[in-house]
């Protein structure tokens, strides 16, 4: 979190791991990265450049762009589901964490979700 | 050949076999996911399944073949932007109108489909009922678990919520009224007002040959109604325990019901390690155990949940099937006279539904 905030304050726009992102949108929009089964719901694409100022805005933007993902990451209250973890450039983040054009957001199932016997 | 849909903690298992003979697993779907309930609609042949992903939340799915491709149903969600989220869908029930299905779930919600399960709509009258702030969840959540249709009349329904009691509608769900007169919860003080909302109904079924009659397994109590659910009479005398979850009926005999008593609310297993299904053929005046032929008689401490007992056929050929959290599934093809093991070592069984051959 601290490194993420520091980068924003510093006005940095280059991601730390930009080699993981297609060149054509590297400087334009944050990219949301999905694994299965979310990837399949989202047109079978793993990477989604989307507009948004926070992680939550990106999740809403993903639902608008890929309606089949609706209800899978966010519940009806607009909360990120309890056993979904979101990472910003590799670090755990929250729904209201700010994002900028250079960021990479990974959406992953939490290990806690498999605890039910 | 009868078909069972067995919802478990780790997927849906479709079993097929002859009553009294051998059953085998013919398909497994939603591996690793909690399958709360799955039913095959005999009108369309379609299977509808309720799946609660620990990660991605509750969803309904439908397929023609449980081993084939599943499609996600639309509309299974609460209104966006509120302060509640759908937790799970407990039960799926075929309605009386063409293409009509109902689904009940947590937090005390009813959905209806008119197109065979592809799209669903929330029942707003129940969702917005003024008493809802007083509804309180039972141990399994605020679950709407029983949806009881009236044969031939899609306007009339009885539903039950744990723990918000019985609700009745005569106008297809446009309005709801309570149907709890006579219920006596032991878990509340004796002087609790009669209009107390926190009534923990465990299961409700209607006798289709006499539709004004319903049977109820309560959280400590077994009841019968002869006035379509307006009032209730205690019929638990003669049972080893009045605590349990599932309930079944014989469609041909309105005086018949089946229960699987558990020891009590602090020890939810079959009493004394003996597994028995209790039958009444006189509307609850007397009960007799069934299962001496084929059910475990010692060291069997099973928990049978409310959705885990179902029936098909009627009369002497009535088929009964139930599953336990031990992973065992038992069946009878002769109205409980003899029993056989339909499956064992499955994941914990949450629900069983049967489609007759």
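Any read-out appearing in this document is the output of simple, stated calculations on the displayed coordinates, not a laboratory observation. It should be emphasised that the depicted structure is a prediction, and the values quoted were computed from it without experimental measurement. When we count neighbours, we look across all protein chains shown, and the Cβ atoms used for this are built from the backbone with ideal geometry, even at glycine.
Where the alpha-carbon atoms of the stretch B:232-272 are placed on the principal axes, they occupy 34, 18, 16 Å, in descending order.
With contacts taken as Cα pairs under 8 Å and at least 6 residues apart, chain B reaches a relative contact order of 13 percent. Look at the stretch B:130-138: the mean tally of other chain Cβ atoms within 10 Å of its residues' Cβ atoms is 0.
How many angstrom separate the Cα center of the stretch B:35-61 from the Cα center of the stretch A:66-88? Using only Cα atoms to place each centre, the spacing works out to 21 Å. Using the alpha-carbon positions of the stretch B:97-143, Rg (one decimal) and Dmax (whole number) come out as 12.3, 35 Å.
Treat the count of other C-beta atoms within 10 Å as a stand-in for reagent exposure and order A:72, B:176 from fewest to most.
Fewest-to-most Cβ neighbours within 10 Å comes out as B:176, A:72.
Pairwise Cα distances in the stretch B:298-357 exceed 17 Å for 35 percent of all pairs.
A straight line joining the Cα centroids of the stretch B:1-25 and the stretch B:160-232 runs 32 Å.
From helices alone, chain B scores 0 deg cm²/dmol at 222 nm; the rule is -39500 (n - 2.57) for each run of n ≥ 4 DSSP H residues, then divide by the residue total.
Once you average over the residues of B:70-76, how many Cβ atoms of partner chains fall within 10 Å of each Cβ?
1
Scaling the Cα radius of gyration of the stretch B:206-267 by the globular reference 2.2 N^0.38 Å produces a ratio of 1.10. Going from the residue with the fewest nearby Cβ atoms within 10 Å to the one with the most, B:128, B:74 rank B:128, B:74.
Seen through its C-alpha gyration tensor, with square-root eigenvalues sorted a ≥ b ≥ c, the stretch A:26-74 comes out oblate because a/c lies at 1.5 or above while a/b is not bigger than b/c. Classify the stretch B:60-173: rounded, prolate or oblate, from the alpha-carbon gyration tensor (a ≥ b ≥ c, eigenvalue square roots; a/c under 1.5 rounded; otherwise prolate if a/b is larger than b/c)? In terms of gyration-tensor shape, oblate.
Above 19 angstrom, tally the Cα pairs of the stretch B:1-126 and express them as a % of all pairs, no decimals. Considering the stretch B:1-126, 47 percent of its Cα-Cα pairs are separated by more than 19 Å. Mind grabbing the base-10 log of I(q)/I(0) for the protein assembly as shown at q = 0.12 Å⁻¹? Debye formula, identical points on the C-alpha positions, no solvent, two decimal places. Once normalised to I(0) and log-transformed, intensities are -1.01.
From the square roots a ≥ b ≥ c of the eigenvalues of the alpha-carbon gyration tensor of chain B, which class results: rounded (a/c under 1.5), prolate (a/b over b/c), or oblate? The shape class here is rounded. A compact globular protein would have a Cα radius of gyration near 2.2 N^0.38 Å; the ratio found for the stretch B:121-234 is 1.00. Shown for the stretch B:241-320 is the translational diffusion coefficient from the Stokes-Einstein equation, using the Kirkwood radius over Cα pairs, a temperature of 10 °C and a viscosity of 1.306 mPa s: 123 µm²/s. The shape of the stretch B:144-184 can be summarised by an equivalent ellipsoid whose semi-axes, obtained from the alpha carbon gyration tensor, come to 18, 10, 9 Å from longest to shortest.
Can you give me the Kirkwood hydrodynamic radius for the stretch A:33-117, using every pair of distinct Cα atoms, in Å to one decimal?
After inverting the mean inverse Cα-Cα distance, the result is 13.0 Å.
Computed on the Cα trace of the stretch B:23-77, the radius of gyration divided by the Kirkwood hydrodynamic radius gives Rg/Rh = 0.96.
Protection proxy ranking for B:130-139, B:226-235, using the average of other Cβ atoms within 10 Å per residue and placing the highest first: B:226-235, B:130-139. Taken residue by residue and averaged, Cβ atoms of other chains lying within 10 Å of the Cβ of B:79-86 number 4. Here the convex hull built on the C-alpha positions of the stretch B:198-240 has a volume of 76 cubic angstrom per residue.
For the listed peptides B:79-85, B:272-278, B:48-54, a ranking on the average number of other beta carbons within 10 Å per residue, highest first, reads B:48-54, B:272-278, B:79-85.
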